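Participant: Structure provided below as structure tokens; questions to follow.
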Amino acid sequence: MFRTLICCPNCRNEISLEEARTTIPAVPLPEQSTTFKTASLVYTVCPKCRRDFRVTGERSAALGVLVAVFLSLVSGFFLDSWVPLAVVALLLLFQRKITQILIRAEHA
């Protein structure tokens, strides 16, 4: 329920985004690293066909969920009801499924 499922653009198999992400810490990125944060490369590779792809729409999906949560909280100031808090709770509970609707996998 809490995994983000996407369809691989190469083999059309449904895979988990968490399984497809691979972090390679052996490749240093000195221009993006700081003393408190070390940057590393993250590849998205299908575990079944071993071909890489690009995931688009993650930032816009996160921004959409964030805007919806804040709009619900702001509407709670004007409405004397428990409904805005219930909407916020449902948005936070189903956040992964909402983002799954908005993200897409494309060929690299």
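The values are calculated or read from the model by the stated rules, or taken from the named source; none is laboratory data. Here the structure is a predicted model, which is why all the values come from computation and not from measurement. When we count neighbours, we look across all protein chains shown, and the Cβ atoms used for this are built from the backbone with ideal geometry, even at glycine. Each accessible area value is taken on the protein alone, full model and side chains, heavy atoms only, with ligands, DNA and RNA left out. Shrake-Rupley method; radii C 1.70, N 1.55, O 1.52, S 1.80 Å.
Participant: At what distance in nm do the modelled label points of Ala89 and Lys48 sit from each other, each positioned 7 Å from its Cα along Cα→Cβ?
Facilitator: A separation of 3.8 nm, rounded to one decimal place.
Participant: Go through Phe94, Phe70, Phe78 and list them by solvent-accessible area, largest first, probe radius 1.4 Å.
Facilitator: Phe78, Phe70, Phe94
Participant: Once the principal axes of the Cα atoms of the range 44-108 are found, what is the range along each, listed largest first in whole angstroms?
Facilitator: 53, 17, 12
Participant: Suppose accessible area is computed on protein heavy atoms with a 1.4 Å probe; arrange Thr34, Thr99 from highest to lowest.
Facilitator: Thr34, Thr99
Participant: Now a separate question. What does the charge count near Thr56 come to, summing +1 for each Lys or Arg and -1 for each Asp or Glu among other residues with Cβ under 11 Å from its Cβ?
Facilitator: +1
Participant: Please list, in order, the residues from the range 46-85 whose amide nitrogen is less than 14 Å from a point placed 7 Å along the Cα→Cβ vector of Ser16.
Facilitator: Label zone hits: 47-48.
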